[in-house]
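The structure appears below as structure tokens.
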Amino acid sequence: MGIRPKYKTKQQEIILDFLKSKKDGHVTIADMNDHIRDMGLSVGQSTIYRQMDKLVEEGLVNKYIVDVNSSACYEYIGDESEEEKVSCIHLKCENCGRLIHLKCNEMQELEHHLLGHHNFKIDPSRTVLYGICEKCQKEETKKTE
């Protein structure tokens, strides 16, 4: 039995276009579902999940599961070169719940340090640092002035 050729369905094209429009950000299945509905189209949620699984398998999309209380997030990485695919750690605002996607070479250094000096390999797709985002910090400052 030969390898099945990859082909793009209309649903996959719509999903890919949406993900590309949200490059450097996170998208949930609900976000995609809303977008497709806003386009006046009807695609079942299970179809979206299947398409996302395929895109993750093909290396075009990263899937992040931040915590048990949050939906999985997806990020389009298909246009990135290997050098651009640096580690991603997430920052979650404890005030507003905003999830910040932190791509920073400094995080790679932290990963290397933890592995080399502490023999601990982190999973960047599941690593979350909690704190207060810039917007919420500014709002708190305004309240105390």
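The values are calculated or read from the model by the stated rules, or taken from the named source; none is laboratory data. Every value quoted in this text rests on a predicted model; they were computed, and no experiment measured them. A quick note on method: Cβ atoms are made from the backbone with ideal geometry, for glycine too, and the neighbour counts reach across all protein chains shown. Keep in mind that these areas ignore ligands, DNA and RNA; they rest on the heavy atoms of the full protein, side chains included. Shrake-Rupley method; radii C 1.70, N 1.55, O 1.52, S 1.80 Å.
Would you mind checking which residues have amide H under 5 Å from ILE132's amide H? H placed 1.01 Å from N; only 5 or more apart, or other chain.
Sorted by chain and number, the residues that satisfy this are GLU94.
Tell me the carbon and sulfur percent of the accessible area for the stretch 19-145, rounded to whole percent, probe radius 1.4 Å. Write out the running numbers ahead of the final one.
Values: 3950 of 8320 Å².
Carbon-and-sulfur percentage of accessible area, whole number: 48.
For each pair in LYS54/LYS135; LYS63/LYS138; LYS23/LYS142; LYS20/LYS92; LYS10/LYS103; LYS20/LYS121, compute the distance between the two Cα atoms and list the pairs where it is over 26 Å. Each step should come with its number before you reach the end.
Numbers: LYS54/LYS135 36 Å; LYS63/LYS138 31 Å; LYS23/LYS142 32 Å; LYS20/LYS92 23 Å; LYS10/LYS103 31 Å; LYS20/LYS121 30 Å.
Cα-Cα > 26 Å for LYS54/LYS135; LYS63/LYS138; LYS23/LYS142; LYS10/LYS103; LYS20/LYS121; rest within.
Could you work out how much longer the chain between LYS22 and ILE122 gets when fully extended? Use 0.36 nm per residue separation minus the Cα distance between them, nm to one decimal.
On the way: separation 100, 0.36 × 100 = 36.00 nm, distance 2.63 nm.
Working it through step by step, the gained length comes to 33.4 nm.
Fully extended, how many nm does the chain gain between GLU58 and ILE132 (0.36 nm per residue separation, minus their Cα-Cα distance)?
Residue separation times 0.36 nm, minus the Cα-Cα distance, leaves 23.2 nm.
Given H placed 1.01 Å from N in the peptide plane, which residues other than close sequence neighbours of VAL66 have an amide H under 5 Å from its amide H?
CYS73
Once you put a point 7 Å from the Cα of LYS143 and another 7 Å from the Cα of ALA72, both along the Cβ direction, what distance in nm separates them?
The two pseudo-label positions are separated by 3.5 nm.
Nearest 10 degrees is fine. How inclined is helix 45-57 to the longest principal axis of the chain, computing both from alpha carbons?
80
Could you give me the ³J(HN,Hα) list for the stretch 10-18, computed from phi with Karplus coefficients 6.51, -1.76, 1.60 and θ = phi - 60°, whole Hz, x at Gly and Pro?
Coupling constants for the stretch 10-18: 4, 4, 5, 5, 5, 5, 4, 4, 5 Hz.
Per residue Cα convex hull volume for the chain, in cubic angstrom?
180
Tell me, what is the per residue accessible area of the chain in Å², probe radius 1.4 Å? Each step should come with its number before you reach the end.
Details: 9970 Å² over 145 residues.
For the chain, the per-residue accessible area is 69 Å².
Looking at the chain as a GNM with Cα springs under 10 Å, which of MET39, MET107, MET52 has the largest mean-square fluctuation?
For the chain, modelled as a Gaussian network with Cα springs under 10 Å, the answer is MET39.
If R₀ is 35 angstrom, what is the calculated FRET efficiency for the pair THR9 and ASP79, using the beta carbon separation as r and rounding to 0.05? Walk me through the numbers before you get to the answer.
Numbers: r = 20 Å, r/R0 = 0.58.
Step by step, r from the Cβ atoms, then E = 0.95.
Apply the Karplus curve 6.51 cos²θ - 1.76 cosθ + 1.60, θ = phi - 60°, to the phi angles in the stretch 94-109 and return the couplings in whole Hz, x for Gly and Pro.
Rounded to whole hertz, the list is 6, 8, 9, x, 4, 10, 10, 8, 9, 9, 8, 4, 4, 5, 5, 4.
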